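Since the structure comes first, as structure tokens, the remarks are kept for the end.
Throughout, read-outs are computed from the coordinates displayed, never taken from laboratory work. Computed from a prediction, not measured in an experiment: that's the story for all the values here. Note that each Cβ is placed from the backbone with ideal geometry, even for glycine, and that neighbours are counted across all protein chains shown.
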Amino acid sequence: MTSVADAVVPGQRLGHVQEFNAGVGTYSHQNFLYASVVGVKQITTISSDELPVLSVQRENTQSAMPDIDAIVTCKVVRVNPRFAAVNIMVVDGKPCTDDFQGIIRVQDVRATEKDKVKIYNSFRPGDIVRAQVISLGDARSYYLSTAANELGVIFGTSVAGGSLVPISWQEMQCTKTKAIEPRKCAKPM
Amino acid sequence: MASEPTNLAISPAFTFSASTFQKLHPLEYFRKFASQGVRPDGRLLSSFRPTTVHYGVITTADGSAMVRMGGTTVVCGVKAEVAEPRLHAPDQGYLVPNVELSPICSSAFRPGAPSEQAQVVSEQIHRVLQESKVLDLKELCIEEGKAVWSLWVDVVCVSYDGNICDAALTSVMAALSNVRIRKPTYEEGVVKVAGVDLLDDENSFRLNLARTPLSVSFALLDTDLILLADPNSAEESISQGQIVITLDETGQLCAVSKVGAASSSQQLLKQCIERARERSQELRRIMNQEQ
Amino acid sequence: MDRKRVAGPELSVAPLVEYPRDHKRWTPQDEQRHDTKRQPEDMRPIYLKTGLINQANGSAYIELEKTKLACGVYGPRPGKRTGFSGHGVLNCEIKFATFSCAKRRGHMRDPQEKELSQILSQALTPAVRLDLVPKSTIDIFITVLESDGWGSCVAAAITAASVALAHAGIEMLDLVAGCSAAYIPSGPSIASPTPSATDATNATGPSLAPRIFMDADLEEEKYEQGAIVLAYMPSLNEVTHMLQSGKAEGSIVSQSVEHCVEACNKIYAVMHHALVESVGENK
Amino acid sequence: MSRLDRTRTSPHQLRPFFSSQNLLNRSDGSAQFDFGGSSVLCSVTGPAEVKLRDEKLDKATLEVVVRPLVGLPGVKDKALERNIRETLEPLVLSGLHPRTLVQIVVQTMKDDGSIASTAFNAAIMALLDAGIPLSSILGSVTCTIDSQTNDILLDPTTEELAQAKSTHVFVFDNKASIHAEDKSSMDHDQASSTQESSSAAVLFSDSTGLFTEGEYLECAHVCFKAAQAVHGFIRTAVEKKLLKEYQQTSA
Amino acid sequence: MKELDSSTNEREFLLAALRDGARIDGRNFYDFRTLRLSFGEDYGAVEVQLGNTRVLAKVSCEVIRPYADKPTEGFLMFNTEMSPMASTVFEIGRPTDEEVLVSRLIEKAMRRSRALDTEGLCIVAGEKVWSIRVDIHFLDHDGNLIDAACIAAITALLHFRRPDVTVVGEEATIHTLEQRNPVPLSVHHIPICVSFAFFDNGERVIVDPTHLEEQIKEGDMTYTLNVHKEVCALSKAGGIAMELDQILQCSKIAVIKVAEITAQIQAALEADAKKR
């Protein structure tokens, strides 16, 4: 498919800015395009009136880190009336080496009727939550949101220790005891 | 890679890639494989990882060895220095093993003082060397009551992927067997050795090791009472206990330890000893090949 | 006393090494280098490999004959909580194994290791696009397994760390190659058997221009009157760090910088090869 | 034949053991356990506030601190800390107290051999005294194989340890013995065979020195039988304490 | 773990009682709590109970090389590291202020007052000396750790016997306990600490405060004396300012207390010696 000959390393000059647009894994410096990661050079032509995009397909993906708008999977570690604190474990389908910290503030739990949200009716410690990064947050945590249908709790364990299945967008049921517990559920895709 | 089990769902509604699933539910991930009799790295529950031993890799040390056990790489270097003997043991030297688990080898270790794990492994090796009388410390005497050799046996873990215990002890024994110390002369409180380029039996001596104990470790998974030979770091993190069997070349036991997890039957321990016997023979074969 | 390690004697020293009278040791008076196979401008052959440490995000192992070190890169990962920063932090820590030098080293981090860590982070930071990893830390850990020359060790650490960073998939402007050279006083071509010949510093007249030995080993370093370590980005043709120590004339310095740049270009080829090789492996 | 300590006549004899609970005022539970001239005092605090760093989402964090009688704690004590912690972890029903700390401090008071076993027994009694929920209790016994006579000596003294060619520390939980008791009440013939097979279940084992597999299994067997006495003793101690408390509250 | 302050009720009650001339455990102001000393089978191990405060002291010895500049001086070392057993405020490796204070006072009381003859610990000058180590374990903290620790340390030193040694020329032979009776250390004098706590601007002075009293006190002072009325150490670390008169008044009380405690220690040692 790709030959080693197309492999480039950071700093390798790939072309002139008049010939190509800079894509991922590249940067421009004094009218030239250079590779910024190890990978395979790729040229994609979008349309005839635009310059082709020169990019480098990463060979070793960098350890995942949260970025604005990224979809993350995280575990709830503690809750209080103002926010749920989470450990971000997966970013855009890629596991992080070390967990990053995030919080879902009460106003970011859902899109509508924000003033009626109670954190403890939305998340419990141990829940696995799918969320979106909305800002880099403060020194400690990224700020996350679950205010969309496909975002929210995707896996949880009931008080009795059984696994929970969603029965509506704000309720989940224990498979063992059939007890219903409130959650902000993610809509299965 | 073993053939991946197809159903990686944590609940019927959501599916994930294998790596994501492993991160979120390491135990479930492992079980999916174990239920098919294999481990995520493709091994059988009872098989060990490929192992290599290289001798004399460090020329600044008086004896050294590098051991690779799967993804775990350790380097052991022995330095012989001169020290005053203890007053109550004036003709005995020192043999001081220490294992360093520094942050280079895994993100599980932080910079600073040795972690509990590093301390425990160091102590385990220290005890085996001492209790199963590997080396007569009188051999390290230079001048009774005045000067003895102190052998600093330091193990550096370069890459950590579980089972540091076996890798470290193997490297220690290999490095000790590789040691060559220049013959010393003692004169008026000063220990001198001759500066020569090539060490031979004329100008140096080797350690007379009474035996070569090697350890074989298993991880215990409580929930399913599964026994895993030579666990890697992902397996260690989901296991509750471990069994370590240490044997010398005659098949005599030097140490048996079972820590953590629920009670295990005598049958299980016998099984471990049996497997350990075979594995330690194999390790010895690898060690002898390279020498 | 160190409670967290198996205790040995409180004090121990290396034995005194006594050389026989007829023992021949290398001195700067020798025409050839300590390693007789090398010319002054020759480096030792480099062995460089990525991916030794499987728990790390990126790693490299480098060997210049006896100089051996391993480097692991972790991150970007959550940084220490010291305020919000739009830029990432590059954190370097270098540690010499206790058995890595002729004299046994301690377990604790000593001032030399701290200084080296500083040099490394200065040499590498300009090449890493830290603006792309806000709030995060990239940790570079280096363990020196054996050191045969201080300068070569620093240079090897820079080279290995830069390859490990690229191996970790971290965005960089360029690779950084490290190279060292030592200024060795050149004696008379015929070694004079004067008693002062053993004392290297006195043996040389000040008038003679020193020779420049690339990638000097420990034995040669013992006689050096100065040395230089250069960190250089070969594609961009930029220097990220330069450390000149000792006394040398300007012409010697500029000459050795030229030599080092040239050598860095050779090292770059090795780095390139090691990284491209890893591309093939993963497929 | 007599033992080195001259008070015992049989190699399989334990030294007299003794315990008392609820000795300390500043901890939630405490106990002292003596094997002859060896004595360990143990305190338990918890469930209490846990440091954020050590917090576990779904269970209590167990912390063990071992304090030697002489000198500062070293790697040896660290190893014992880890052994005690990992042995107790499956016993403590830690899921009942998530995000809390159960701290166990083990202090050697007198040292005449078999300290690890004495510490294990003191720890379980202190946990009982503190009312920490447990799934079962444990009993620990040490033995050595004498380098001269090859005899298995139970509960060795310091002097006997110095002469040993190998040392074996065992811990057994009382699940096996409960099992055996049930069986024996039903059927006597079956009981002996159950006892044989149940003697195998080892909760913790730590052996060093030089020994054969046969010797190891023999030691396990001898220690298992002796551990029954320790289990019985602990049980009686708890019964007595409960009875006393009941009498106090009803009086 | 952080320690909770005493409750307002406790404080008010305790202070009200003091103003009525009573302490809540029924003691008079200048009473010590019941002091109990128990010895182990080994020499040099003593457990001290001062009310609910418990301290264990263990003395051990080894032969080591002396410092070159003090070739005839033996060593006397104290280990006063506190474990969470005594109270959860103590954390391993993070000494509290109290721990530092106690450790320094013990040093002052024992070593600086030359209670133990360190010259007498010399075996062969410049070669071999005894190093005496006192490990003080705090088991239960109900106030006044310093007095209890001090009593434990000095009693353990008095109780301790080291192996006998014979020196012929440069050669020293250390005899085992079986070969020869071990010998006691030469203790010059018996320093005893007496701690005071002050309330109501020093108007009310009590000795041997309990933990609760320590929490509420406004200031404190520790006298270290021996029966010969020699002051070995005096420590008044912070707290309210005191008039000189009050300090002198305390010293008179301390003298009496020291005599009592010393007598009790000697009686206990004699009783133990008879049993052996």
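With θ set to phi - 60°, apply the Karplus curve 6.51 cos²θ - 1.76 cosθ + 1.60 along segment B:244-251 and write out the HN-Hα couplings as whole Hz, x wherever there is a Gly or Pro.
10, 10, 10, 10, 9, 5, 8, x
In terms of modelled amide H atoms, which long-range or inter-chain residues lie less than 5 Å from the amide H of residue C:136?
C:88, C:89
Mind checking which aspartates and glutamates have their C-alpha under 13 Å from residue C:114, skipping anything on the same chain fewer than 8 residues away?
C:93
Listing D:120, B:33, C:84 from the residue with the fewest other Cβ atoms within 10 Å to the one with the most, what is the order? The partial results should precede the final answer.
On the way: D:120 30, B:33 19, C:84 12.
Ordered by Cβ neighbours within 10 Å, fewest first: C:84, B:33, D:120.
List the DSSP H helices in chain B whose Cα atoms stretch 18 Å or more along the helix axis and whose mean Kyte-Doolittle hydropathy is at least 0.5.
On the way: long enough: B:116-131 (22 Å, -0.64); B:164-178 (20 Å, 1.24); B:266-290 (36 Å, -1.42).
Span-like helices here: B:164-178.
Using amide H atoms built in the peptide plane, which far-off residues or other-chain residues are under 5 Å from residue E:231 H to H?
The answer is none.
Just rank B:287, E:1, B:173, fewest to most, by other beta-carbon atoms within 10 angstrom.
Values: B:287 21, E:1 16, B:173 29.
So the residues, fewest neighbours to most, are E:1, B:287, B:173.
Considering the protein assembly as shown, what Rg and Dmax in Å follow from its alpha-carbon atoms?
34.7, 110
For chain A, treating each Cα as an identical point scatterer without solvent, what Debye log10 I(q)/I(0) comes out at q = 0.16 1/Å?
Relative scattering, expressed as log10 I(q)/I(0), comes to -0.91.
Can you count the Lys pairs in chain B whose Cα atoms are under 30 Å apart, with each pair 8 or more apart or on different chains?
The number of close lysine pairs in chain B is 21.
For residue A:41, go through the lysines and keep the ones whose alpha-carbon is under 21 Å away, minus same-chain ones fewer than eight residues off.
Correct list for residue A:41: C:283.
Among the complete DSSP H segments of chain E, which ones combine at least 18 Å of alpha-carbon extent along their axis with a mean Kyte-Doolittle hydropathy of 0.5 or more?
E:145-159
Using a cut-off of 24 Å between alpha-carbon atoms, which lysines can reach residue E:2, once sequence neighbours fewer than 8 places away in the same chain are excluded?
Within the straight-line limit of under 24 Å, residue E:2 reaches these lysines: D:51, D:56, D:59, E:217.
Partner chain Cβ atoms within 10 Å, averaged over the residues of B:79-85 - can you pull that number for me?
Averaged over the peptide's residues, the number is 6.
Would you please give the residues with an amide H less than 5 Å from that of residue B:191, counting only those at least 5 places away or on a separate chain, with H modeled from the backbone geometry?
Residues meeting the amide H criterion: C:16.
What order do you get for B:279, E:133 when you list them from fewest to most C-beta neighbours inside 10 Å? Let's see the in-between values first.
Details: B:279 24, E:133 18.
Result, fewest neighbours first: E:133, B:279.
Among the listed pairs D:76/D:110; A:94/C:135; D:175/D:240, which have their C-alpha atoms separated by more than 29 angstrom in this model?
Exceeds cut-off: none, every pair is within range.
At most 15 other Cβ atoms within 10 Å and a DSSP loop assignment: could you name the trypsin sites (Lys or Arg not before Pro) in segment C:24-125 that fit?
When the trypsin sites (Lys or Arg not before Pro) of segment C:24-125 are filtered for loop state and at most 15 Cβ neighbours within 10 Å, C:24, C:25, C:37, C:80, C:81, C:103, C:109 remain.
Tally the DSSP beta bridges in the protein assembly as shown and give the antiparallel ones as a percent, rounded to 5.
That works out to approximately 85 percent antiparallel.
Taking a temperature of 25 °C and a viscosity of 0.890 mPa s, what whole-number D in µm²/s does Stokes-Einstein yield for segment E:8-275 with Rh from Kirkwood over alpha carbon pairs?
D, rounded to a whole number, is 125 µm²/s.
Is there a simple number for the mean count of other chain Cβ atoms within 10 Å of the Cβ of residues in B:92-102, and what is it? Mind dumping the intermediate values first?
Numbers: counts 0, 1, 5, 2, 6, 3, 9, 2, 6, 0, 7.
The per-residue average across the peptide is 4.
Taking only Cα atoms, what is the 0 to 90° angle, nearest 10, from helix D:75-88's long axis to the longest principal axis of chain D?
70 degrees
Based on the mean of other Cβ atoms within 10 Å per residue, sort peptides A:98-109, C:143-154 so the most packed one is first.
Working: A:98-109: 20.8, C:143-154: 25.6.
Output ranking for A:98-109, C:143-154: C:143-154, A:98-109.
Can you work out ³J(HN,Hα) from phi for every residue in segment A:166-171, in order, using Karplus 6.51 cos²θ - 1.76 cosθ + 1.60 and θ = phi - 60°, giving whole Hz and x for Gly and Pro?
Once rounded to whole Hz, the list reads x, 10, 8, 6, 10, 9.
Quick check: Cα centre of segment A:140-176 to Cα centre of segment C:250-272, how many Å?
What the calculation gives is 59 Å, centre to centre.
Average partner chain C-beta neighbours within 10 Å, per residue of C:94-105? Mind dumping the intermediate values first?
On the way: counts 1, 6, 1, 13, 10, 16, 8, 3, 3, 3, 9, 3.
For this peptide, the per-residue mean of nearby foreign Cβ atoms is 6.
Which ³J(HN,Hα) values in Hz, rounded to whole numbers, follow from the phi angles of segment B:54-61 under the Karplus curve 6.51 cos²θ - 1.76 cosθ + 1.60, where θ = phi - 60° and Gly and Pro get x?
So the Karplus estimates, Gly and Pro as x, are 10, 9, x, 7, 10, 7, 7, 9 Hz.
Given the DSSP H assignment, sum -39500 (n - 2.57) over each helix run of at least 4 residues in chain B and divide by its residue total; what's the result at 222 nm in deg cm²/dmol, nearest 500?
-8500 deg cm²/dmol
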